[in-house]
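Read-outs: derived from the displayed coordinates by stated rules, not from any lab. If you're wondering where the values come from, they're calculated on a predicted model, not measured in any experiment. So basically every Cβ, Gly included, is an ideal-geometry build from the backbone, and we count neighbours across all protein chains shown.
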Amino acid sequence: MGMIWTTLGFAALSAMFVATHSRRSRRVAEAHIPEPCPRCLAAVPPGSRSCPACGVPMHVFDLVSAPMASAAPAATGPAHAIVRADMCVGCGTCVAACPEEGAIRIENKIAVVNLKRCVGHATCAAACPVNAIVVTTGAAVHVIEVPWVNAHFESNVAGLYVVGELGGRGLIKNAINEGKIAVEHVATVLRPEEPRAGESPAYDLVIVGSGPAGLSAALEAKRRGLRYVVLEQGSLSDSIRKYPRQKLLLAEPVRMPLYGDLWVSDASKETLLQVWENVIAQQGLDIRTGQRVERIDRDGGLFRVATAGGEHHARCVVLAMGRRGTPRRLGVAGEDLDKVYFEIVEMEAFAGSRVLVVGGGDSAIESALGLANQPDTSVVLSYRGSDLPRLKERNRAKLEAAVAAGRVRILPESQVREIRPDVVVLDHRGRPHLEPNDVVIVRIGGEAPYPFLERLGVRIVRKEIALGPARAASLN
């Protein structure tokens with residue numbers, strides 16, 4: 001009898017070892033199974049940075065391939081903080097507020113949570129001036145709201161492409177790659193069109209925006225022999241001069257059509273602007289400035305793109321107009337100075353400056369609070385009303401605390417009349433007021449881009465970007 005039990009025991013133990021070995025072998029095998037390239041479906045060996053067939057960097061598809069976010073994350077463990085990467089402005093307020101050293105830090109201008117050290121105090125979430133942090137027991141992911149696009153950056157509206165910052169990826173190298181990939185696809189799906197008698201042929205492509213994605217798209221369109229036009233609502237320099245980062249960094253070169261490798265390492269916006277202008281001049285790109293796109297409609301098999309100056313018909317449209325949309329302007333002299341911003345994403349760049357924030361809404365207050373957290377920064381908030389009736393109570397309480405602590409000074413019932421290089425002229429309660437100044441942040445509203453996309457029928461989705469083990473380990 002004992003021999004029987006011994007035999008059964010050995011059999012069970014053997015089965016367990018076999019099962020464990022099989023699972024381990026399967027995991028090892030799966031780790032070496034090539035993944036298909038989202039664009040050309042060629043096999044990409046694990047760890048490859050680029051597709052061996054089409055050469056496109058795999059990081060370009062991180063967001064395209066990311067899973068949809070669930071409505072409510074399932075409880076999978078202890079409470080921890082999660083940062084909305086698309087909302088964080090890198091002000092560092094959360095770092096100062098967290099009682100756990102090293103649990104949250106600024107990395108590459110974004111707040112990043114160390115999941116091994118975070119214990120879910122939620123002080124970072126309460127302190128965040130832009131409400132970009134939540135505490136959850138769910139999966140460790142960034143949740144980002146973006147337009148749905150496929151591997152060619154074509155939206156659910158056939159022939160309408162969304163690239164660059166508007167698509168949720170603000171990095172210049174991504175924007176350049178996406179613009180190129182989109183137009184490569186346009187060139188493969190369009191057939192030559194014969195103009196009808198008495199009519200000019202429609203454009204093959206209208207590109208909206210002349211930033212990194214739009215410029216790359218235009219260069220690829222010219223290289224492919226497509227009939228295109230670029231519509232830019234501001235000037236050629238606006239897309240870079242008003243870019244809300246002081247410094248630009250391309251850690252590796254990125255290839256631009258008809259230009260070659262572009263590598264701007266820790267350079268100023270002016271450096272990149274000079275490159276932009278040289279490329280445009282050398283290639284003779286058809287870029288029309290002062291052309292704000294007001295509507296895009298379907299007109300039969302074409303898109304009708306309407307601006308204040310007229311209409312353009314196109315077979316395809318590439319939207320490369322940026323995530324910030326069309327801000328409302330003050331309409332005063334000096335508003336085009338380099339020191340004027342309509343959005344900011346790296347508040348530490350303004351440390352030590354005298355900053356005037358204009359606006360009475362939540363976005364203005366959030367900007368003022370984040371800037372006030374920077375060392376040696378003087379922040380003044382100017383708004384037209386005598387009160388701030390539409391503020392979220394959370395923002396109101398934070399503003400009152402900042403004013404009481406002397407970190408923010410307010411100018412109610414004030415209005416900007418002129419912006420000069422070192423001073424701003426305001427009308428404050430009926431009297432002229434001169435405010436010494438280095439930077440002006442205008443946050444008075446405007447047309448957000450996502451409602452514009454939704455009117456076109458573009459689907460907006462929430463995607464999850466996982467904080468993988470490699471990234472978590474790098475934070476220890």
- prompt: So, by mean Cβ neighbours within 10 angstrom, what's the order for 274-280, 91-97 with the highest one leading?
  reply: 91-97, 274-280
message: If N is the number of residues in region 332-445, what value comes out of its Cα radius of gyration divided by 2.2 N^0.38 Å?
response: 0.97
- request: Can you tell me which of 385-398, 359-372, 284-297, 143-156 comes out highest on packing, and rank the rest after it, using the mean Cβ neighbours within 10 Å?
  value: 359-372, 143-156, 284-297, 385-398
- request: Rank these for me by crowding, Met347, Met68, going from fewest to most other beta carbons within 10 Å.
  value: Met68, Met347
- prompt: Listed highest first by mean packing, meaning other Cβ atoms within 10 Å per residue, what order do 416-423, 43-50, 127-134, 202-209 come in?
  reply: 202-209, 127-134, 416-423, 43-50
